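To keep things clear, I will list the structure first and then write my remarks on it.
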Amino acid sequence: MFGAIEAGGTKFVCAVGTGPDDLKLTEFPTTSPRATTASAIDFLREQSNGKLKAVGIGSFGPVDLRLNSSTFGYITSTPKSGWQNYDFAGAIRTALRVPVGFDTDVNAAALGEARWGAAQSLSDFLYLTIGTGIGGGAVVNGRVLHGLLHPEMGHIRIPHDFNRDPYAGSCPFHGDCLEGLASGPAMQQRWSVPPEDLPANHPAWVLEAHYLALGLANWVCTLSPRCILVGGGVMRQAWLFEMIREDLARLLNGYVRAKELMENLNQYVIPPRLGNRSGIIGALVLAEHADQKQQELAASLPTSK
């Protein structure tokens with residue numbers, strides 16, 4: 001039995017189970033680090049009867065994923081008040097005394113889709129979430145891409161035509177990066193209405209599709225994914241997918257000669273199969289990986305005679 005935590009800036013989702021079919025789930029608002037973490041720990045203890053093998057955490061970030069770092073498992077430079085430089089993984093490990101797998105929420109979601117979702121047969125794909133923030137996880141040759149820290153796909157710079165869109169952007173670090181222009185809060189600030197309340201024919205969606213297509217075009221040309229999964233609250237408008245595909249085709253202009261891009265864009269840019277459960281289910285995969293590493297470590301130790 002594994003524990004899973006999907007830590008978002010707005011809410012936490014916690015689960016106990018082994019896969020999508022046997023999950024015991026709960027969710028609650030993200031408040032202070034101490035109170036929110038305590039609620040997660042209480043739930044995992046109660047639902048597992050103290051029999052957890054490991055816990056996986058998919059967290060909002062930025063986070064420190066460097067195993068040799070003194071701050072591994074920390075949430076670092078987040079703009080969310082109170083959570084900066086918080087030893088998240090350490091707090092869970094200390095309280096529950098089990099191995100802890102730790103990664104970004106979008107990397108966890110990518111792992112969930114790779115195991116049980118729309119990317120089961122793919123070695124190279126992207127998972128993106130468009131909601132309160134914008135984030136992305138890349139799977140390359142079957143492995144989640146980390147690198148120096150982890151990709152921050154929401155903070156790429158894209159062309160911003162101030163005549164067309166005079167909005168300065170919402171990102172406290174970069175202003176008009178992709179997240180600053182196309183996240184849910186950016187849309188609400190620009191139009192003074194939550195995205196879900198905007199009608200389908202509102203000019204907001206033409207602009208949103210354009211910004212997201214610009215992001216996708218960059219990743220198509222740099223990471224060459226075999227598929228792009230796009231989830232999150234903003235993408236609950238199903239018709240937005242077709243607008244993004246049309247703009248992406250125009251931006252690429254036939255340069256990348258792949259059938260998936262030339263003929264099958266409706267199967268290339270798609271929603272995640274697991275819906276809003278991709279992240280919490282992927283956190284189970286992180287827990288499983290942490291348990292496997294613990295077993296491998298134990299097996300490598302010399303046995304006493």
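Here, each number is a calculation from the coordinates, and none is a lab measurement. What you see is a predicted model, and the numbers here were worked out from it, not measured in a lab. Backbone-built Cβ (ideal geometry, glycine too); neighbour counts: all protein chains shown.
Tally the DSSP beta bridges in the chain and give the antiparallel ones as a percent, rounded to 5. Kindly include the intermediate steps, with their values, before the conclusion.
Values: 24 of 41 bridges.
Restricted to the chain, the bridges split so that about 60 percent are antiparallel.
How many percent of DSSP beta bridges within region 118-272 run antiparallel, rounded to 5?
Once the DSSP bridges in region 118-272 are tallied, antiparallel ones form about 60 percent.
For a footprinting-style exposure proxy, rank THR31, THR37 by other Cβ within 10 Å, fewest first.
Details: THR31 11, THR37 19.
So the ranking, lowest neighbour count to highest, is THR31, THR37.
Which order results if PHE72, PHE102 are arranged by neighbouring Cβ count within 10 Å, fewest first? If you can, show how the numbers build up before the last one.
Numbers: PHE72 15, PHE102 27.
Arranged by neighbour count, lowest to highest, PHE72, PHE102 become PHE72, PHE102.
Which whole number in µm²/s is D for the chain by Stokes-Einstein, with the Kirkwood Rh taken over Cα pairs at 4 °C and 1.567 mPa s?
Numbers: Rh = 20.0 Å.
D, rounded to a whole number, is 65 µm²/s.
Along region 187-199, what does the Karplus equation 6.51 cos²θ - 1.76 cosθ + 1.60 (θ = phi - 60°) give for ³J(HN,Hα), rounded to whole Hz, x for Gly and Pro?
5, 5, 5, 5, 9, 6, 9, x, x, 5, 9, 7, x
Would you look at the GNM of the chain, springs on alpha carbons closer than 10 Å, and say which of HIS202, HIS155, HIS289 moves the most?
Greatest mean-square fluctuation among the candidates belongs to HIS202.
Test of understanding: in a Gaussian network model of the chain with alpha carbons linked when under 10 Å, which of GLY175, GLY133, GLY112 would top the mean-square fluctuation ranking?
Among GLY175, GLY133, GLY112, the largest GNM mean-square fluctuation belongs to GLY175.
Count the DSSP beta bridges whose two residues both fall in region 43-158, then state the antiparallel fraction as a percent rounded to the nearest 5.
Restricted to region 43-158, the bridges split so that about 70 percent are antiparallel.
If the cut-off is a Cα-Cα distance under 30 Å, which lysines reach LYS293, setting aside same-chain residues fewer than 8 apart in sequence?
Excluding near neighbours in sequence, the set is LYS11, LYS24, LYS51, LYS53, LYS305.
Read phi for every residue in region 257-272 and hand back ³J(HN,Hα) as whole Hz from Karplus 6.51 cos²θ - 1.76 cosθ + 1.60, θ = phi - 60°, with x for Gly and Pro.
8, 10, 4, 4, 8, 7, 10, 10, 4, 6, 10, 9, 9, 9, x, x
On full extension of the chain, what length is gained from ALA35 through SER70, given 0.36 nm per residue of separation minus the C-alpha to C-alpha distance?
Result: 10.2 nm gained on full extension.
So the label point goes 7 Å from the Cα of ARG97 along Cα→C-beta, right? Which residues of region 1-45 then have their backbone N under 19 Å from it?
1-3, 38, 41-45
Cα-based Rg of region 197-240 per 2.2 N^0.38 Å, rounded to two decimals?
Compared with the compact-globule rule of thumb, region 197-240 sits at 1.29.
Among ARG245, ARG257, ARG157, whose mean-square fluctuation peaks in a Gaussian network model of the chain (Cα, cutoff 10 Å)?
Maximum among the listed residues: ARG257.
Quick one: which residues, 5+ away or cross-chain, put their amide H under 5 Å from the amide H of GLY56? H built at 1.01 Å from N.
Counting only residues 5 or more places away or on other chains, the set is GLY3, ALA4, ILE5, GLY101, ALA287.
Sort ASP103, ASP64, ASP21 by Cβ crowding within 10 Å, fewest neighbours at the top.
Working: ASP103 27, ASP64 22, ASP21 7.
Going from sparsest to densest Cβ surroundings: ASP21, ASP64, ASP103.
How large are Rg and Dmax for region 118-272 when only the alpha carbon atoms are used, in Å?
15.0, 44
Output ³J(HN,Hα) for region 134-150: one whole-Hz value per residue in order, computed from phi by the Karplus curve 6.51 cos²θ - 1.76 cosθ + 1.60 with θ = phi - 60°, and x for Gly and Pro.
10, x, x, x, 10, 9, 10, 6, x, 10, 5, 7, 10, x, 4, 10, 7
Enter the Cα centre distance for the pair region 273-305 and region 70-128, rounded to the nearest angstrom.
13
Any idea what angle helix 33-48 forms with the longest principal axis of the chain, computed on alpha-carbon atoms, 0 to 90 degrees, nearest 10?
Around 60 degrees separate the two axes.
Length gain on complete extension for the stretch GLU260 to SER123, per 0.36 nm per residue less the alpha carbon to alpha carbon distance?
47.8 nm
In debye to the nearest 20, how big a dipole does region 1-42 give about its Cα centre with +1 on each Lys and Arg Cβ and -1 on each Asp and Glu Cβ? Provide the component values of the computation, followed by the final result.
Details: 3 positive and 5 negative charges, 41 e Å.
That gives region 1-42 a dipole magnitude of about 200 debye.
Sequence-distant or interchain residues sharing an amide H contact under 5 Å with PHE28, placed H: which?
Distant-sequence amide H within range of PHE28: PHE12.
Mark the label point 7 Å from the Cα of ASP165 along Cα→Cβ and return the residues of region 176-199 whose backbone N is within less than 15 Å of it.
What the label zone holds, given the 15 Å backbone N cut-off, is 176-192, 195.
Taking amide H positions as placed 1.01 Å from N in the peptide plane, with prolines and chain starts having none, which residues 5 or more places from THR78, or on another chain, fall under 5 Å of its amide H?
Amide H neighbours of THR78: ASN85.
With +1 on each Lys and Arg Cβ and -1 on each Asp and Glu Cβ, and nothing else charged, work out how big the dipole of the chain is about its Cα centre, in Debye to the nearest 20.
On the way: 25 positive and 28 negative charges, 152 e Å.
Once rounded to the nearest 20, the dipole reads 740 debye.
What is the mean projected area of the alpha carbon convex hull for region 241-297, to one decimal in square nanometres?
Value for region 241-297: 6.1 nm².
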